[in-house]
1. To one decimal place, what orientation-averaged projected area in nm² is obtained for the convex hull of the Cα set of the chain?
2. Treat each spin label as a single point 7 Å out from the Cα along the C-beta direction, and report the residue 61 to residue 101 distance in nm.
3. Which whole-Hz ³J(HN,Hα) couplings does segment 52-67 yield from phi under the Karplus relation 6.51 cos²θ - 1.76 cosθ + 1.60, θ = phi - 60°, glycine and proline marked x?
4. Cut-off is 10 Å between beta-carbons; in what order do 54, 30 appear when sorted fewest neighbours first?
5. Can you list the residues, at least 5 places off or on another chain, whose amide H is less than 5 Å from the amide H of residue 38, using H built in the peptide plane?
6. Compute the helix-to-body angle for 74-85: its Cα long axis versus the longest principal axis of the chain, expressed 0 to 90° and rounded to tens.
Amino acid sequence: MFARIATFEGVDTATAAATMQEAGKRVEPILQGMQGLQRATDLADSSSGKVLSIALFDTEENMHAAEKAFDEEMPRVLADLMEQWTGRRTSVDRYEVVFDLST
């Protein structure tokens, strides 16, 4: 499994949390269209305004193939909400998952 982790900083996490249901409705079709996507999770630290957006893929190839959706489609469908959230994406990192436990 492979993980793509996008880091956002300076996010108004209270506003983001209040609009997350709407954001989810908009991005769900995009996520469902990503081949090999296993799981997508967002983590927020309200004290720092930092958000980690984690997407897990079955193969490295599928993870890289999803970049266009993350870089173009998602920002387009979330533009008005992202404006309210403030902040900006500061990095995108990719990892091979070496341990994962689901209970």
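1. So the mean shadow area of the Cα hull is 6.7 nm².
2. Taking the simple label geometry, residue 61 and residue 101 are separated by 3.3 nm.
3. So the Karplus estimates, Gly and Pro as x, are 10, 10, 10, 10, 9, 10, 6, 9, 5, 4, 5, 4, 5, 5, 7, 4 Hz.
4. Least to most surrounded, the residues fall as 54, 30.
5. Those lying under 5 Å, H to H, from residue 38 are 56, 57, 58.
6. With rounding to tens, the tilt is 40 degrees.
Bear in mind that the values in this text are calculations on the coordinates, not laboratory data. Keep in mind that what you see is a predicted model, and the values were worked out from it rather than measured. Every residue, glycine among them, receives a Cβ derived from its backbone with ideal geometry; neighbour counts consider all protein chains shown.
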